[in-house]
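Undergrad: Let me begin by handing over the structure; questions about it come next.
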Amino acid sequence: MSKNSLMNTYERFDVIFEKGIGSRLYDVNGKEYIDFVSGVAVNCLGHSHPAIINAITEQSKKVIHISNYYWNTKHIELANKLIENCDHSKVFFCNSGTEAVEGALKAARKYGKLKGKEDKNIILYMTNSFHGRSMGALSVTGQSKYQKNFMPLIGGVKEVEFNNIEDLKRNFNENVCGVIIEPIQGEGGIIEASSEFLKEAREQCDKYDALLIFDEIQCGMGRLGSLFAYKKFGVIPDIITIAKALGGGFPIGAFIVNEKAEGTLVPGDHGSTFGGNPLACSVGCAILNELVDGGIIESVDEKSKYLKEKLLTLQNKYGVIKEIRGIGLLIGIKVDDPKSFMKACFNKGLLVITAGKDIIRLLPPLNVEKEDMDAALNILEGIMQELSA
């Protein structure tokens, strides 16, 4: 099976996966792996979940795509379900997290224009952040390694030190139209925003009439133990960007706005050919029904507590883990050599990924069974035994 037709844009492991069931993946040789990557926080219900299979099967028999010149039952149903579960009023559907960020940035820029100030176009972003790889999202990503080969990026953006209240206040003025923050920096190393920092961002946005954007693409949709991540921090943003787990593996993204922001974008300002198509939204509805109505989100905190307690035991026993981070099932463990540790996990049949400089990310499906958590922990302990011998 030749791999030469694909562009060399990823450092892939030497494995070809063929199928998955629950928290397990199987390669073309039949080898089993415990999946604690979940498509990078995408496969919230694991693999081959009946609700997703049924949604795709049934909706594909009806209509897959009709364009946004018309309404369809599924994008109305999904939008209503999202709005029922947050403090916001309108939804725009797209296909990915990056697209959701692009739309949110455009809404913030338009908001500044509507205030009658040509100079009200500055967007503040955080150090160590990650928001995507398109030119707009890349421009507000606070990691130079992603940016350096694509300069010049868009102007009108300013970097603020993450969790530094004084730096935030220093960079704020009447020309700021928006601020974009990850409540937990995923790619940056599972680093939480402090509640004080988020509250100050809210106060500054209110003071200078700017839009507060929370990027919940990785940390939202149940991963922290609430459908929306902002509810764990007690700060309500004006715009939320979501994707990943919203489709459980099927491509879909969205940004959600409150009444303050809902009048920014009007016909002709923004669009998405495939955004809100009936098939993607049907899957999104099935996902939310399982997460919210099926009680899966309610179990996240308990599973998080179990994993963290076991990891703490391993930390105390072997000393390989230097720190345990995260909320819910967005967990990071700090180790000395994360790339070698990740490869050791892979060789023993556990899929994990790195984050930041020294963090291993653990992102199991939200419906992960205790049996699979124990199996993953046994593999982790085996590796730690070898490293501490």
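The values are calculated or read from the model by the stated rules, or taken from the named source; none is laboratory data. Source: prediction; values computed, not measured. Cβ coordinates were reconstructed from backbone atoms using ideal geometry, including for glycine residues, and neighbour counts include every protein chain displayed.
Undergrad: Would the range 341-349 turn up any residue that is hydrophobic (A, V, I, L, M, F, W, C), farther than 18 Å from R24 by Cα and part of a helix (DSSP H, G or I)?
TA: Scanning the range 341-349 turns up at least one residue that is hydrophobic (A, V, I, L, M, F, W, C), farther than 18 Å from R24 by Cα and part of a helix (DSSP H, G or I).
Undergrad: Another one. Please determine whether any residue of the range 281-294 is outside any loop (DSSP other than H, G, I, E, B), over 24 Å from M126 (Cα atoms), modelled with pLDDT of 95 or more and in contact with a Pro (Cβ under 8 Å, 6 or more places away or on another chain).
TA: The answer is no, given that none of the residues of the range 281-294 is outside any loop (DSSP other than H, G, I, E, B), over 24 Å from M126 (Cα atoms), modelled with pLDDT of 95 or more and in contact with a Pro (Cβ under 8 Å, 6 or more places away or on another chain).
Undergrad: Now, a different point. So, in the range 319-336, of the ones that are assigned to a loop (DSSP other than H, G, I, E, B) and not hydrophobic (A, V, I, L, M, F, W, C), which residue ends up nearest to G222 (Cα to Cα)?
TA: The residue in question is G328.
Undergrad: Quick check, is N367 outside any helix (DSSP H, G or I) and more than 19 Å from I190 (Cα to Cα)?
TA: It is true that N367 is outside any helix (DSSP H, G or I) and more than 19 Å from I190 (Cα to Cα).
For (1) of a type in the set (F, W, Y); (2) in a loop (DSSP other than H, G, I, E, B); (3) at pLDDT 95 or above, each residue gets a yes or a no:
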| position | (1), (2), (3) |
| --- | --- |
| Y10 | yes, yes, no |
| G30 | no, yes, yes |
| Y33 | yes, no, yes |
| G39 | no, no, yes |
| C44 | no, yes, yes |
| I56 | no, no, yes |
| V63 | no, yes, yes |
| Y70 | yes, yes, yes |
| N80 | no, no, yes |
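Rundown of residues vs (1) touching a helix residue (DSSP H, G or I) at 6+ places or on another chain (Cβ under 8 Å); (2) outside the structural domain of S96 (by TED's automatic domain parsing), yes/no style:
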| position | (1), (2) |
| --- | --- |
| S5 | no, yes |
| I21 | no, yes |
| R24 | yes, yes |
| K31 | no, yes |
| V40 | yes, yes |
| L78 | yes, no |
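Undergrad: Which one is farthest from G326 (Cα to Cα) among residues in the range 185-223 that are out of contact with any helix residue (DSSP H, G or I) (no Cβ under 7 Å at 6 or more places or on another chain) and of a type in the set (D, E)?
TA: The selected residue is D209.
Undergrad: Quick check: anything in the range 256-275 crowded, with 24+ Cβ neighbours inside 10 Å and in a helix (DSSP H, G or I)?
TA: No, the range 256-275 contains no residue that is crowded, with 24+ Cβ neighbours inside 10 Å and in a helix (DSSP H, G or I).
Undergrad: Oh, and also: Taking the condition surrounded by fewer than 24 Cβ atoms within 10 Å (Cβ to Cβ), aliphatic (A, V, I, L, M), out of contact with any strand residue (DSSP E or B) (no Cβ under 7 Å at 6 or more places or on another chain) and modelled with pLDDT of 95 or more, does I236 pass?
TA: The answer is yes for I236.
Undergrad: Can you report the number of residues in the range 26-46 which are more than 16 Å from L366 (Cα to Cα), touching a strand residue (DSSP E or B) at 6+ places or on another chain (Cβ under 7 Å) and not aromatic (F, W, Y)?
TA: 3
Undergrad: Exactly one condition in (1) crowded, with 21+ Cβ neighbours inside 10 Å; (2) without any contact (Cβ under 8 Å) to a residue 24 or more places away in the chain is not met by Y10; state its number.
TA: If we test Y10 against (1) crowded, with 21+ Cβ neighbours inside 10 Å; (2) without any contact (Cβ under 8 Å) to a residue 24 or more places away in the chain, just (1) comes out false.
Undergrad: Please go through the range 334-389 and pick out each residue that is on the phi > 0 side of the Ramachandran plot and either within 23 Å of the chain's Cα centre (by Cα) or of a type in the set (K, R) (or both).
TA: G356, the sole residue that qualifies.
Undergrad: Determine the pairs where a residue that is in the same structural domain as E369 (by TED's automatic domain parsing), located within the range 311-337, has a partner that is among the acidic types (D, E) and in a helix (DSSP H, G or I) with Cβ atoms under 7 Å apart, the partner being 6 or more residues away or on another chain.
TA: L314/E381; G328/D301
Undergrad: Follow-up question, since we're still on this one. Could you list, ordered by first residue, the pairs with Cβ atoms under 6 Å in which the first is in the range 137-164 and farther than 13 Å from T127 by Cβ and the second is of a type in the set (S, T, N, Q), at least 6 apart or interchain?
TA: Qualifying pairs under 6 Å: A137/T98; L138/Q147; L153/S139; I154/S139; G156/N121.
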